[in-house]
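The values are calculated or read from the model by the stated rules, or taken from the named source; none is laboratory data. Only a predicted model underlies this, so the values are computations on that prediction, with no experimental measurement involved. When we count neighbours, we look across all protein chains shown, and the Cβ atoms used for this are built from the backbone with ideal geometry, even at glycine.
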């Protein structure tokens, strides 16, 4: 006797359908599991057996074969407990066939259903395939946040069995609306006094998607500014929010389907795997992918080991992390915007107007060299953040994020609609600066890009001399 | 790379007059051009503050712009800044080295070294070409700086720094010594403040320095250029307040000045050219 149930696997931040096939044969009692299961999946056998018995039903004492298809996707975790149990019960004719729903959930020995990291993925598949999904009750709102998902939450295996016996006739979970006071909400720019230059740089970076580096003495507010950057970005669209949430769930990071852009700030001791993803077993996304469509903030960037920083080059270039394994290649999207902050030297006071730097010159050079090279070449804006003077500190309130964000959204819309043009005079100005040695060829490209964004912020289709001039004044060779 | 220098004997033509005040004037190796205009040494510590750098550039600038020669030691920090200021004015700059005239030490100052030669300045040393830099040669170099100059301006110096040696030698040779007063609790100003206690002239700014030097050296031969940005530079954010326009407009103006070669920016500060 054969039955199949549908479940879900997260591969590279994408939800893929997995078919749980169960065959109950006439042979002597046994339990076989195939289809690239990991240890946690193998152990499903014991949990499923106990849970079925706790639910007051019989586990068939014959040869049970379970196959998770397609066999080439590795499956991990306890997500398949519930679909295996449902499959076994329908194959042994205890309940009707259950192939019309995506099922995920871990089983406790007493038959309770626990939530799993693929709950959201089940919701996504439910919407994509126009099927119902059955998940743990506690996590059902996560899946119900996916537009178009039809979600049933169950507390126990017995409830799930009931649901299938009644042909999924119950009322599905109501759709979840994003909580406006989510903990992911970014702090506001109105808290930042002074720092006009840095504020302008943040606005341009937000409008043009430029990577940005702040440098300056400690206590200048680099980190404070950077932490407010996400608040300047337009909210995620619904489908982007789902995509981002799905990547987070693949890393087992709880984040609902929220419009807020992710803001990830890994510590400088983070390993390469933590930064770009990977790990033993099934590859999990790293910070670069968790920051997808949001901000990756590297505080004290020069403290990161150089090799770890270099792993970020590929995602910055391709906007995707590719993890190649013997069995498969997994791609995690990683279209993040890099924001970095660093002291100018180990002691932090190199170039300070008042305080002498106590570092040895060689140490300063070494420190700066850590940030040189291919990574910093991709950073369009390098801005010095000085310490705020007392006058600025007592200044009246600053512009709130929402006003800046509206300009940013306007510039992005304008940028999508226009064709890129540059006035001859503006092109000549860049050429002259290049020729006089004021800027390098790479610097010229950066200035061109930043000038384009400045023009977009002013809703000007043609980049003119003034835009180039402002870009010049913001340039800062590291 | 850098051509061969020429040896100028103590009795030779073009030997800097001031050096003859030394007890043991050495023959010197010269790369580039020496001029008879009076020299003003702008010196200080390598471990300086940005404030010191700004002042050194500004002073190096006004000295050379006034038609005098800016003399310094091509070291990191204050020395390099003084040279840069002088080069900016297209005035006359002289670097006195503690190694051969073909050895640019520290290497990072190579652009300054090259520009000095390009703009008609001179690289001077008492050591033959090929002599490597050595710590013990620097005080001897300082003696040349002091003797070659009619006045010595110490921007920032620690209590034990080489700049103080230059100042003391200068005083012994009867040169005028100027020092920039600084916070009493700042290490980089300690040397200067001690000089002031011992009778050096306090420097109260670039204009003040020119006036004081004019009293000693006679009116400056150079002419002045009018500018809208103060010599010591100004924070871009301050300009927004000063000119009462938005930061974006300030950036446009600063960038335009920069593109026209009339201003230079470092970090968040802008300087006149």
request  = Residue by residue through the range B:174-186, note down the ones that are buried (at least 19 other Cβ atoms within 10 Å of the Cβ) and within 13 Å of chain A (Cβ to nearest Cβ).
outcome  = B:182
remark   = Checking A:85, A:63, A:101, A:93 in turn, the sole residue that is at pLDDT 90 or above and surrounded by fewer than 17 Cβ atoms within 10 Å (Cβ to Cβ) turns out to be A:63
task = Please go through the range A:180-198 and pick out each residue that is more than 14 Å from every other protein chain (Cβ to nearest Cβ), modelled with pLDDT under 85 and either crowded, with 18+ Cβ neighbours inside 10 Å or more than 19 Å from the chain's Cα centre (by Cα) (or both).
result = A:180, A:181, A:186
inquiry  = Anything in the range B:113-130 that is more than 14 Å from chain A (Cβ to nearest Cβ) and either farther than 20 Å from residue B:34 by Cβ or assigned to a helix (DSSP H, G or I) (or both)? List them, or say none.
reply    = B:113, B:116, B:117, B:130
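Which residue out of B:128, B:139, B:111 is without any contact (Cβ under 8 Å) to a residue 12 or more places away in the chain and either surrounded by 21 or more Cβ atoms within 10 Å (Cβ to Cβ) or in the same structural domain as residue B:40 (by TED's automatic domain parsing) (or both)? Steps first, please.
Working: B:128 fails: without any contact (Cβ under 8 Å) to a residue 12 or more places away in the chain; B:139 fails: without any contact (Cβ under 8 Å) to a residue 12 or more places away in the chain.
From the options B:128, B:139, B:111, the qualifying one is B:111.
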task = Could you tell me whether the range B:83-95 includes any residue that is under 29 Å from residue A:349 (Cβ atoms), more than 14 Å from chain A (Cβ to nearest Cβ) and assigned to a strand (DSSP E or B)?
result = yes
query = Which condition breaks for residue B:238 when tested against (1) within 30 Å of residue A:384 (Cβ to Cβ); (2) in a loop (DSSP other than H, G, I, E, B); (3) over 19 Å from the mean Cα position of the chain (by Cα)?
reply = (2)
inquiry  = away from every other protein chain (no Cβ under 14 Å), buried (at least 24 other Cβ atoms within 10 Å of the Cβ) and in contact with a strand residue (DSSP E or B) (Cβ under 8 Å, 6 or more places away or on another chain): which single residue out of A:122, A:201, A:132 fits that description?
reply    = A:122
ask   = Say we look at the range A:350-380 and pick out the residues that are over 28 Å from residue A:200 (Cβ atoms) and part of a loop (DSSP other than H, G, I, E, B); which of these is nearest to the other protein chains (Cβ to nearest Cβ)?
value = A:356
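What are the residues in the range A:381-393 that are part of a loop (DSSP other than H, G, I, E, B) and at pLDDT 75 or above, if any? Quick ask: steps written out before the conclusion?
Taking the range A:381-393 and keeping what is part of a loop (DSSP other than H, G, I, E, B), we get A:385-389.
Correct list: A:385, A:386.
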query = Out of all the residues in the range A:207-232, which are away from every other protein chain (no Cβ under 14 Å) and in a loop (DSSP other than H, G, I, E, B)?
reply = A:209, A:210, A:211, A:218, A:219, A:228
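Given B:102, B:54, which one is in the same structural domain as residue B:203 (by TED's automatic domain parsing), modelled with pLDDT of 90 or more and in a helix (DSSP H, G or I)? Give the steps one after another, and end with the answer.
Numbers: B:102 fails: in a helix (DSSP H, G or I).
Exactly one residue qualifies, and that residue is B:54.
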key: residue B:213 being at pLDDT 85 or above, part of a helix (DSSP H, G or I), touching a strand residue (DSSP E or B) at 6+ places or on another chain (Cβ under 8 Å) and within 17 Å of residue B:51 (Cα to Cα)   = no
message = For the range B:35-45: of the residues being assigned to a loop (DSSP other than H, G, I, E, B) and modelled with pLDDT of 90 or more, which is surrounded by the fewest Cβ atoms within 10 Å (Cβ to Cβ)?
response = B:45
key: Candidate set: the range A:429-453, residues that are within 8 Å of chain B (Cβ to nearest Cβ) and within 26 Å of residue A:385 (Cβ to Cβ); chosen: the one surrounded by the fewest Cβ atoms within 10 Å (Cβ to Cβ)   = A:438
Filter result for residue B:188 (more than 23 Å from residue A:365 (Cα to Cα), in a helix (DSSP H, G or I) and modelled with pLDDT under 95) = no
query = Which residue, of B:163, B:171, is modelled with pLDDT under 95, within 14 Å of chain A (Cβ to nearest Cβ) and not in a loop (DSSP other than H, G, I, E, B)?
reply = B:163
query = Which condition number does residue B:62 fail, the rest of (1) touching a strand residue (DSSP E or B) at 6+ places or on another chain (Cβ under 8 Å); (2) buried (at least 24 other Cβ atoms within 10 Å of the Cβ); (3) away from chain A (no Cβ under 14 Å) being met?
reply = (1)
query = Which helices (runs of 4 or more DSSP H) does the range A:233-321 wholly contain that include 2 or more residues that are farther than 26 Å from residue A:343 by Cα, in the same structural domain as residue A:337 (by TED's automatic domain parsing) and at pLDDT below 90?
reply = A:238-250
ask   = Going by the conditions given, is residue B:245 in a loop (DSSP other than H, G, I, E, B), at pLDDT 75 or above and not assigned by TED's automatic domain parsing to the domain that holds residue B:51?
value = yes
